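So the structure is just underneath, and the comments pick up after that.
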Amino acid sequence: MSTIEERLTEYYARLRARNLGPLWNSIGSIMTKEPKPHAVPYLWKWDEVAAFAMESGELVTPERGGERRVVFFSNPGCAHLEPSGWGSLTDTLYAGIQLLKPGEKAPSHRHNQSAIRFIVQGQGAYTIVEGERVYMEEGDFLITPAGLWHDHVHDGSEPMLWFDCLDIPMLYKLGAMFFEHYPEFNQPVTRPDNYSTLRYSAAGLRPIQDRHDHYAPQAVFKWRATKAALDNLSTLDADPFDAYAVEYVNPATGQAAGNTIGAMMQKLPSGHHTNAHRHVHSAIYHVFRGEGYSVIDGVKFEWKQGDTFCIPNWAWHEHVSTGAEDAFLFSTNDLPVMEALHLERAEAHPVGQQEVTGTFTA
Ligand code: 1HN
C-alpha cells in the first residue's frame, strides 16, 4: 500500500508525461499579491553602449536580412525568456541603440510591432514612413506605427545614433507578429517634405480631413517645440512625481502617439527631487541632458547624458537632478496597453521619498 506522497510523486510524473499540470502547486506563483515582473531595475552607461554601437559599424552593414544595425538592451531578469536572442528591456518592451553611418541606407519593411525613436546624436539622416520623408535631429521624437512601410537613408556627414523602442516582447506573447519586405530596397517618397509638420503646426488645430481618420497623423515631434513646451510648463507648479513632463500624443485623438507605446519628456530643474510612486506599467528611461540619480526600490541609480535605465512594473521610483544644468529625461512605457486593458493603477509612497539602501553597479 503506497502513501499519498508516493502516489502524488508518481501521479505528477504521469501528468507531466502527458503535458498536463497540477494548478494547486503553482497558484502561489501565478497569483502574486502584487506585480512581480521578470525585469529587474538596471542601468547601462552611454560610453559603453555607444562604443559597442560604433564598433558594430566596423563589423556589419544594415543590409536586407539583418535590416537594422542595432545593439539592444537585454534585461538580465528577462534574458532566459529569449532563447532566440531578441532583447527585452522590460517584460513588454524592447529597446536598442541604432547606428546609421553617412551614405548608408536601411531597407524598407513593415511589421505589426510599433516603433518609436528618440534621436540621440547627429543629423542629416531621414526616415521614410509610408511615403513621408522625415529628417531626424537630436532630441526629435518619431513614430513608426504598426503596419507602415519604413526605411532610413543617411545623406549627412557624421554617424547618427538613435534610441529605438518597440513592443516586441508584448507582440511575441500575443502571437500577433507579421513582417514583410518592401519590393524595392527603399520606398519612393510620395509626400511633400515635412508633410505631417505642415498639417499639424499648432496645438489644438486638426485638419478637417482627419475628423474621421485618426491613424498616427504626426510622424515627428521636434525637440525645439518640446523644449519650449517644457520651459513654459516649468514656470508653473511641478507634478509631485514627474516634475515637468509632457506626453507625446496623437494630435487628432489625444491618445499615445505610438499607439501601444507611451512616451514622454520630462524636465527636472537643477536640484529638483521628486516624490516616489509606483505604478503597474513599466518604463524605460533615456537621459537626454543633465545628470542625477533615480532611486528604484531603495537602490540609487546614478545617471548622466546618454544612459538608459528601466523601471519594472510596480517598482518604487523617484528622480533627482544633481547637475548644474536642468535634466531632460526621455522615457517610454507600456501605459497605453495597461490603460486599454483596464489594468493600470498607481500609488504614492507612504512617506514621500524612499530610504536609500544601496547604489547600483553593473
Ligand atoms: C526595426 O524595424 C527598426 O525600423 C529598429 O529602425 C529596430 C527591431 C526589431 C525589428 C524591427 C527600425 C527593430 C526593427
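If you take all C-alpha pairs in the stretch 71-136, what percent of them are over 13 Å apart?
On the way: 1549 of 2145 pairs.
Cα-Cα pairs in the stretch 71-136 separated by more than 13 Å: 72 percent.
The charge dipole of the stretch 264-362, taken about the Cα centre with unit charges on the Cβ atoms of Lys, Arg (+1) and Asp, Glu (-1), comes to about 60 debye, rounded to the nearest 20.
For the stretch 1-131, the dipole from Cβ point charges (+1 on Lys and Arg, -1 on Asp and Glu) about the Cα centre works out to 340 debye, to the nearest 20. Centroid-to-centroid, using Cα positions, the stretch 70-107 and the stretch 146-204 are 16 Å apart.
Computed over the chain, the per-residue total of -39500 (n - 2.57) for DSSP H runs of n ≥ 4 gives a 222 nm mean residue ellipticity of -4500 deg cm²/dmol, rounded to 500.
Counting 0.36 nm for each residue step from residue 189 to residue 215 and taking away their Cα separation leaves a gain of 7.4 nm. A probe of 1.4 angstrom, applied to the heavy atoms of all protein chains, finds residue 319 with accessible area near 0 square angstrom.
For residue 354, neighbours were defined as the other residues whose beta-carbon sits under 14 Å from its Cβ, and their charges (Lys and Arg +1, Asp and Glu -1) total -2. Taking Lys and Arg as +1 and Asp and Glu as -1, the other residues whose beta-carbon sits under 10 Å from that of residue 231 total +1. Taking the Cβ-Cβ separation of residue 227 and residue 155 as r and a Förster radius of 22 Å, what is the calculated FRET efficiency to the nearest 0.05? Efficiency computed from Cβ-Cβ geometry: 0.30. Check the straight Cα-Cα distances from residue 36 and name the lysines below 24 Å, setting aside those fewer than 8 residues away within the same chain. Correct list for residue 36: 173, 300. Shape of the stretch 258-330 from the C-alpha gyration tensor: oblate (a/c of 1.5 or more and a/b not above b/c, with a ≥ b ≥ c the square roots of its eigenvalues). Spread over its residues, the convex hull of the C-alpha atoms of the stretch 116-266 is 144 Å³ per residue. Projecting the Cα positions of 194, 112, 98 onto the charge dipole of the stretch 97-215 (unit charges on Cβ atoms of Lys, Arg, Asp and Glu, taken about the Cα centre) puts 112 furthest along the positive direction.
Evaluated with a Cβ-only charge set (Lys, Arg +1; Asp, Glu -1), the chain carries a dipole of roughly 720 debye about its Cα centre, given to the nearest 20.
Please find, in a Gaussian network model of the chain (springs between Cα atoms separated by less than 10 Å), the residue of 221, 178, 309 whose mean-square fluctuation is greatest. Of 221, 178, 309, the Gaussian network model singles out 178 as fluctuating most.
Mean sequence separation of contacting Cα pairs (under 8 Å, at least six apart), scaled by the length of the stretch 76-226, corresponds to a relative contact order of 30 percent. Each Cα pair under 8 Å and six or more residues apart adds its sequence gap; the mean of these over the residue count of the chain is a relative contact order of 16 percent. Here the average projected area of the convex hull drawn through the C-alpha atoms of the stretch 1-108 stands at 11.7 nm². Evaluating kT/(6 pi eta Rh) at 25 °C and 0.890 mPa s, with the Kirkwood radius of the chain over Cα pairs in the Stokes-Einstein relation, gives 112 µm² s⁻¹.
Alpha-carbon geometry of the stretch 301-362: the Rg and the Dmax are 14.2, 41 Å, given in that order. Please compute the net charge surrounding residue 269, taking Lys and Arg as +1 and Asp and Glu as -1 over other residues with Cβ under 11 Å from its Cβ. Net local charge, residue 269 excluded: -2. Within the chain, DSSP assigns beta bridges of which about 100% are antiparallel (rounded to the nearest 5). Please say if the stretch 226-360 is rounded, prolate or oblate, where rounded means a/c under 1.5 for a ≥ b ≥ c the square roots of the C-alpha gyration tensor eigenvalues, and otherwise the choice is prolate for a/b larger than b/c and oblate otherwise? Judged from the Cα gyration tensor, the stretch 226-360 comes out oblate (a/c at least 1.5, b/c at or above a/b).
With Cα atoms as the point set, the radius of gyration and Dmax of the stretch 10-63 evaluate to 22.4, 57 Å.
The values are calculated or read from the model by the stated rules, or taken from the named source; none is laboratory data. If you're wondering where the values come from, they're calculated on a predicted model, not measured in any experiment. We place every Cβ from the backbone using ideal geometry, glycine too, and count neighbours over all the protein chains shown. SASA here: full protein model, heavy atoms, side chains in, ligands and nucleic acids out. Shrake-Rupley method; radii C 1.70, N 1.55, O 1.52, S 1.80 Å.
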